[in-house]
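Throughout, read-outs are computed from the coordinates displayed, never taken from laboratory work. It should be emphasised that the depicted structure is a prediction, and the values quoted were computed from it without experimental measurement. Note: ideal-geometry Cβ built from the backbone for every residue, glycine included; neighbour counts use all protein chains shown.
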Amino acid sequence: MQIKIDCPQCGGDIVFDEEIEVVRCNYCGSTNQISGKSGNPRFMFPPRWTKEKCRHRIASLLSGKVSWRLKKKGLHLVYAPYWRTIGMVFHWLLGKKEHTSPIGGRSWDDAKELKAKLFDFSFPAYKEPDLDLESLGVRTAVIPLQLFHHTRLSGSEIVLPVEVSLQEAREHSSSFLTYGFSDPSFRVEFKDTQLIGEVYSLVYFPFWVLEVTGNNRRGLLIIDGVANRIRKTVWDQDVDSFFRENTSSEAAAHFSDLRLIPFVCPVCGWDLPFSPMSKTHVCATCTRAWIEKAGSYREVEYQLVAVPEKFEHATRYMPFWDLGIQIHTPDRVLQNRVDLRTLLPNLPVGSESGNGAQSIKFLIPAFKIRGPKALSKLATIFCANPPSRPLRAREGLEKEKFEGVCLGGEEAEQLAQVVLISMVPRYNRRARKVLKKSKISVETTRLIYYPFYRKGIYFREANSNHPIQRGTVVLGTD
Ligand SMILES: [Zn+2]
Ligand SMILES: [Zn+2]
C-alpha cells in the first residue's frame with residue numbers, strides 16, 4: 001500500500017510505500033522521518049471522480065439497467081470508515097501428520113509445521129447502513145492513500161462514525177489470522193499463533209450516493225467511489241433517513257497524526273544516513289543511535305561486537321535484538337541454557353556462560369529479511385547458537401556501515417515464542433507438552449550489532465561464521 005503526503009518544505013507530493021520510515025522529496029530533495037505510523041493512523045481514499053465528472057458519467061453507469069427511467073436528484077459524497085490490520089502471522093502446528101505410502105499404507109507421524117504469511121485485512125468500522133462493501137480488497141494496492149483530516153473535507157460530505165472500537169477490531173481480526181491454514185491431514189496437539197508488527201489503521205472509503213425518483217418511488221444509488229461501480233440500489237429511502245437515522249455515537253479511539261519531521265541528529269544537527277526502511281538511525285558524526293517516538297527522536301543504547309584480531313575482510317554491522325528470556329514451565333523457571341538443555345538436549349553447547357546466567361540469550365535479527373519464514377529460520381539459527389564475543393568500544397565508528405533496524409524491539413519479543421517452538425525437534429514429545437503450558441518472560445532487551453563479511457552467496461558473522469544467505473536480506477545501503 002502506498003501513502004501520499006505533502007512535503008513540509010515545498011508542499012510537493014511525496015508518495016511512499018507503507019514499509020518506508022524515511023522519505024526524500026523528489027522536488028526539493030529534503031529528507032524526512034515519518035512520525036506516527038504505529039499509533040493507529042487514519043487515511044482516506046480520494047474518490048476517482050469529481051462531483052461534476054460523477055454527475056456526467058452516471059448515465060454510462062446506468063446504461064443497460066432499468067434505471068434509465070429514473071430522475072436524478074442530489075449527489076452526495078459519503079466517507080465510510082474501515083479498519084485495516086497488517087502484520088506478519090506465524091502459526092505453529094505440532095502434532096501428527098498423516099502420511100500415505102506409495103503402496104497404500106497410512107501412518108500418523110510426529111510432525112511440526114510453521115505456516116506464515118503477511119496479513120492484510122480490512123472490514124467496516126461502521127455498523128449501519130450496509131453499503132455492500134465488506135472489505136477494501138485490492139483497492140489498497142491500486143491508489144495511494146491520503147492522510148485523513150477534517151480540514152481536508154469541504155464540509156458537505158457525510159462522514160460515517162466509527163462504531164467498532166479498536167478492541168473490537170483486534171478481536172475481529174484475530175479470528176481471521178489462520179484463515180487458509182487448515183490442513184485436514186494434521187492432527188493438532190499444540191498450536192501457537194502470533195501476529196507480529198501489527199498496525200491498526202482506519203481508512204475512510206468514498207461512496208457517491210445519488211438520489212433518484214421514478215415510478216412514484218424514491219431511492220438511492222450507492223456507487224463505489226474508487227472502482228466507479230454501482231454497489232446497490234436502496235428504495236424508499238432518502239439520504240437523511242438512510243445515513244443519519246441509525247447513526248449512534250462514535251466509539252472512542254485514539255488516532256495518531258502521520259507527519260514528517262526533519263531527518264537530522266538531535267544532538268549534532270547533521271543529516272542522519274539515509275536508509276529508508278530503518279526504524280533506528282546511527283548518526284555518522286556522533287555515533288548515537290536514534291529512534292522516532294511520538295514526533296521526536298529518542299536515543300537507543302546499543303552495543304557492538306568486536307571483529308577478531310587481524311581480520312582482513314570488510315565488514316558491515318548487522319543489528320540484532322539481544323533478549324534475555326526466562327521460560328516459566330508448570331514445574332520450574334528455566335533461567336539459563338543449562339536449564340534449557342534439560343528440555344531441549346539437542347541444543348548446541350555454546351560458549352556463552354551457562355550455570356550462573358539469570359536468563360537465556362535469544363538473538364533475533366533486526367535487519368530486513370524477505371518473508372516471515374526466512375526470518376523465523378534465521379532467528380532460530382542465531383538463538384540456538386548465539387555467538388558470544390567481546391564487545392568493542394564505540395570509537396572510530398565513522399567509517400563503519402550499519403544496517404538498518406527494521407524489526408522493533410517489541411516485535412522481537414513476540415518472535416521469541418515462535419523461535420522457541422522452532423527449536424523443539426518434532427519427535428520431542430516431552431518438550432512439546434511442557435512448552436504447551438509454558439510462558440516466556442523477557443527480562444532484558446538490548447540492541448547489538450554483529451560484524452558480518454561477504455563471502456560468496458553468504459554474509460558470515462565474523463566471529464562464529466554463522467551464515468546468512470545474501471538473497472534473504474534486503475540491504476538498506478550498499
Ligand atoms: Zn519537497
Ligand atoms: Zn549526531
In nanometres, what is the gap between the two model label sites at Val15 and Thr444, each 7 Å from Cα along Cα-to-Cβ? 4.8 nm
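Determine one quarter of the surface area of the Cα convex hull of segment 381-460, which equals its mean projected area, and express it in nm² to one decimal.
Numbers: hull surface 31.9 nm².
Quarter of the Cα hull surface area: 8.0 nm².
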So what are the ³J(HN,Hα) numbers for segment 409-425, from phi and the Karplus equation (6.51, -1.76, 1.60; θ = phi - 60°), rounded to whole Hz, Gly and Pro as x? x, 5, 5, 4, 5, 5, 5, 4, 5, 4, 5, 4, 5, 4, 7, 8, x
Only Lys, Arg (+1) and Asp, Glu (-1) charged, at Cβ; segment 146-196 dipole about Cα centre in debye: 120 debye
Full extension between Lys455 and Tyr27 adds, at 0.36 nm per residue less the Cα distance, a length in nm of 150.2 nm
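Most exposed first by the Cβ proxy, i.e. fewest other Cβ within 10 Å, how do Glu309, Glu52, Glu198, Glu189 rank?
Neighbour counts put them in this order, fewest first: Glu309, Glu52, Glu189, Glu198.
How much length is gained on full extension from Lys377 to Asp236, taking 0.36 nm per residue of separation minus their Cα-Cα distance?
Working: separation 141, 0.36 × 141 = 50.76 nm, distance 5.87 nm.
Using 0.36 nm per residue and subtracting the Cα-Cα distance, I get 44.9 nm.
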Full-stretch length increase - Ser175, Ala59 - with 0.36 nm per residue and alpha-carbon distance subtracted: 37.6 nm
Can you sort Ile34, Ile223 by how many other beta carbons sit within 10 Å, fewest first? Ile34, Ile223
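Using R₀ = 25 Å, calculate the FRET efficiency as 1/(1 + (r/R₀)^6) where r is the Cβ-Cβ separation of Lys4 and Glu400; round to 0.05. Could the numbers behind the result be given before it?
Details: r = 35 Å, r/R0 = 1.41.
Using R0 = 25 Å, I get an efficiency of 0.10.
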In degrees, nearest 10, the alpha-carbon axis of helix 51-62 is tilted away from the dominant principal axis of the alpha carbons of the chain by 80 degrees
Between Ala227 and Ser154, Cβ-based FRET efficiency (R0 25 Å, step 0.05) works out to 0.65
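Quick one, can you get me the convex hull of the C-alpha atoms of segment 2-44 expressed as volume per residue in Å³? Don't skip to the answer; put the middle values down first.
Numbers: hull volume 3.1 nm³, N = 43.
Considering the Cα atoms of segment 2-44, their hull volume per residue is 71 Å³.
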If you take the C-alpha gyration tensor of segment 162-275, multiply each eigenvalue by 5 and take the square root, what semi-axes do you get, largest first, in whole Å? 40, 29, 16
Estimated translational D of the chain in µm²/s (Stokes, Kirkwood radius over Cα pairs; 4 °C; 1.567 mPa s): 50 µm²/s
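Under a point-charge model restricted to the Cβ atoms of Lys and Arg (+1) and Asp and Glu (-1), what is the dipole moment magnitude of the chain relative to its Cα centre, in debye to the nearest 20? Intermediate values should be presented prior to the final figure.
Working: 66 positive and 52 negative charges, 262 e Å.
Using Cβ point charges on Lys, Arg, Asp and Glu, the chain gives about 1260 debye.
Based on DSSP H runs of at least 4 residues, each adding -39500 (n - 2.57), what is the mean residue ellipticity at 222 nm of the chain after dividing by all its residues, to the nearest 500 deg cm²/dmol?
Working: 7 runs with 67 residues, N = 478.
Computed ellipticity for the chain at 222 nm equals -4000 deg cm²/dmol.
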With no solvent and one equal point scatterer placed on each C-alpha of segment 301-472, evaluate the Debye formula and give log10 I(q)/I(0) for q = 0.10, 0.12, 0.17, 0.20 Å⁻¹, two decimals. -0.38, -0.55, -1.07, -1.42
Between segment 47-116 and segment 430-457, what is the separation of their alpha carbon centroids in Å? 35 Å
Can you check what the net charge comes to around Gln303, using other residues whose Cβ is under 9 Å from the Cβ of Gln303 (Lys, Arg +1; Asp, Glu -1)? +1
Once the in-chain neighbours fewer than 8 apart are removed, the lysines whose Cα is under 25 Å from Lys53 read Lys4, Lys65, Lys71, Lys72, Lys73, Lys232
